[in-house]
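We did not get these values from a lab; they are worked out from the coordinates using the rules stated. Keep in mind that what you see is a predicted model, and the values were worked out from it rather than measured. All Cβ positions, even for glycine, are placed from backbone atoms using ideal geometry, and neighbour counts span all protein chains on display.
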Amino acid sequence: TTNIRAGIVGYGNLGRSVEALIAQQPDMDLHGIFSRRDSLDTQTPVFSVDDIAAHRDQVDVLFLCLGSATDMPAQAASFAKQFTTVDTYDNHNLIPEHRAKMDAAAREGDNLALISTGWDPGLFSLNRVLAASLFPQPQQATFWGLGVSQGHSDAIRRIEGVKRGVQYTVPSEDAVAAAKAGQPVDPKAAHKRQCVIVADAADHDRIRETIVTMPDYFVGYDTTVEFVSEAEFEANHTGMPHGGQVITAGQLVDSHNAVSFELELGRNPDFTGAVMVAYGRAAARLRAQGTVGAITPFEVAPYLLSPKSLDDLVASTL
Ligand SMILES: NC(=O)C1=CN([C@@H]2O[C@H](COP(=O)(O)OP(=O)(O)OC[C@H]3O[C@@H](n4cnc5c(N)ncnc54)[C@H](OP(=O)(O)O)[C@@H]3O)[C@@H](O)[C@H]2O)C=CC1
Ligand SMILES: N[C@@H](C[C@H]1CC(C(=O)O)=NO1)C(=O)O
């Protein structure tokens, strides 16, 4: 069988990780990177995203590595019309809207759009469904951090005047203990969001106000905004560790049971890219089997993620 031919749109943290990870796959080749910028620091062929239509017959799956805050709502559907796509769209409140838009666009082009892969949404979503399905009255809580949310960091970098920025998510230890004891936890009360930004002093008040009032991303959270020098940012705020856990507990018959799923990520984009690449394999396979329209990780059989055959997996992993 021939290798899956991949393309990447958007060359940021995630795009760079996906590029490196595709090189490690036995069954995938990278055709090129499509960017709005014309000179990128890479050995991979780079094409202008404006010319992407010309590459339709050379790409089996297109990885949409753009920012979810503003890029994806504006651009993702146009790519789904032309290519089978995989994305990591993570503005949870707008995922149903994204799903409907991508379904219409993908069907228009007879393509598949596999949306909202990654770890949250993504692997955490899968665990939330699996674990909650086991309990008549599940008690479930999701925690993130301490670490750098790429989605929230992208959102703040899109604010006029922000030269560099990251957002750290800080979980409350008391809330984690409460969840493990089976008590209900409010996610917004259980996390603090700490933004570190490089910007001119004249812009500080406006930037802070824009962040703390930003719907979906910051409203409702205890949010702080700290302004630092470029040197301080470069020295202390370029790492992207992250992680988290989903805790589900409840009564089954006469017993108390609990399910935990935890991630410890040395570098958030590397892990997210690895999930995206595995789902890119599944998307190419599903499209080759005739599946079209938008699908979510809930609808992808796990064996499709693996480069190994189903028979091998049954023999070695079941
Ligand atoms: N589902 C999940 O679990 C996760 C989802 N994500 C999602 O992934 C998205 C992308 O994250 P991330 O890669 O960190 O975002 P970046 O800000 O690094 O990149 C986003 C886009 O911005 C452009 N860009 C990057 N660097 C520059 C630059 N120096 N100058 C101008 N433009 C630039 C690139 O497009 P271009 O090359 O065209 O300029 C790139 O595609 C996030 O918004 C988040 O929503 C991330 C982690 C987990
Ligand atoms: N989508 C997130 C992945 C996790 C991290 C997160 C948060 O810290 O709020 N929520 O979901 C990301 O972009 O990193």
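Got a number for residues in region 39-83 being without any contact (Cβ under 8 Å) to a residue 40 or more places away in the chain, within 16 Å of ligand 2 (Cβ to nearest atom) and within 21 Å of Ala23 (Cα to Cα)?
Number of matching residues: 0.
Select the strands (runs of 3 or more DSSP E) contained entirely in region 36-89, then report the ones holding at least 3 residues which are polar (S, T, N, Q).
Qualifying strands (runs of 3 or more DSSP E): none found.
From the list Gly280, Gly243, Gly239, exactly one residue is part of a helix (DSSP H, G or I) and within 16 Å of ligand 1 (Cβ to nearest atom). Which is it?
After ruling out the rest, the residue left standing is Gly280.
Which one of these is in contact with a helix residue (DSSP H, G or I) (Cβ under 7 Å, 6 or more places away or on another chain), closer than 26 Å to Asp71 by Cα and among the charged types (D, E, K, R): Arg158, Arg206, Arg193?
The match here is Arg193.
Which of (1) within 16 Å of ligand 1 (Cβ to nearest atom); (2) over 21 Å from Leu66 (Cα atoms) is the odd one out, the single condition Asp222 does not satisfy?
(1)
Scan region 11-38 for residues that are within 16 Å of ligand 2 (Cβ to nearest atom) and surrounded by fewer than 22 Cβ atoms within 10 Å (Cβ to Cβ) and jot them down.
If the condition is that a residue be within 16 Å of ligand 2 (Cβ to nearest atom) and surrounded by fewer than 22 Cβ atoms within 10 Å (Cβ to Cβ), then Gly12, Asn13, Arg16 are the ones that fit.
Kindly establish whether Asp216 is within 23 Å of the chain's Cα centre (by Cα) and among the acidic types (Asp, Glu).
yes
Quick one: count up the residues across region 18-38 that are near ligand 1 (Cβ under 8 Å from one of its atoms) and in contact with a Pro (Cβ under 8 Å, 6 or more places away or on another chain).
So the answer is 1.
Which residues, counting only those in region 57-74, are near ligand 1 (Cβ under 9 Å from one of its atoms) and in contact with a strand residue (DSSP E or B) (Cβ under 9 Å, 6 or more places away or on another chain)?
Of everything in region 57-74, those that are near ligand 1 (Cβ under 9 Å from one of its atoms) and in contact with a strand residue (DSSP E or B) (Cβ under 9 Å, 6 or more places away or on another chain) turn out to be Leu64, Cys65, Leu66, Ser68, Asp71, Met72.
Report, ordered by the first and then the second residue, all pairs with beta carbons closer than 7 Å, sequence separation of six or more or different chains, a first member in region 113-125 that is small (Gly, Ala, Ser), and a second member that is more than 11 Å from ligand 2 (Cβ to nearest atom) and part of a loop (DSSP other than H, G, I, E, B).
Short answer, once both residue conditions are applied: Ser116/Thr296.
Go through the residues of region 229-246 one by one and say whether even a single one is over 18 Å from His152 (Cβ atoms), in contact (Cβ under 8 Å) with a residue 24 or more places away in the chain and buried (at least 19 other Cβ atoms within 10 Å of the Cβ).
Yes, region 229-246 contains a residue that is over 18 Å from His152 (Cβ atoms), in contact (Cβ under 8 Å) with a residue 24 or more places away in the chain and buried (at least 19 other Cβ atoms within 10 Å of the Cβ).
Among the residues in region 72-79, are any polar (S, T, N, Q) and over 20 Å from Ser125 (Cβ atoms)?
yes
Could you figure out which of (1) over 19 Å from Phe143 (Cβ atoms); (2) of a type outside the set (Ser, Thr, Tyr); (3) free of Cβ contacts under 8 Å to residues at least 24 places away in the same chain isn't true of Pro269?
With (1) over 19 Å from Phe143 (Cβ atoms); (2) of a type outside the set (Ser, Thr, Tyr); (3) free of Cβ contacts under 8 Å to residues at least 24 places away in the same chain applied to Pro269, the lone miss is (3).
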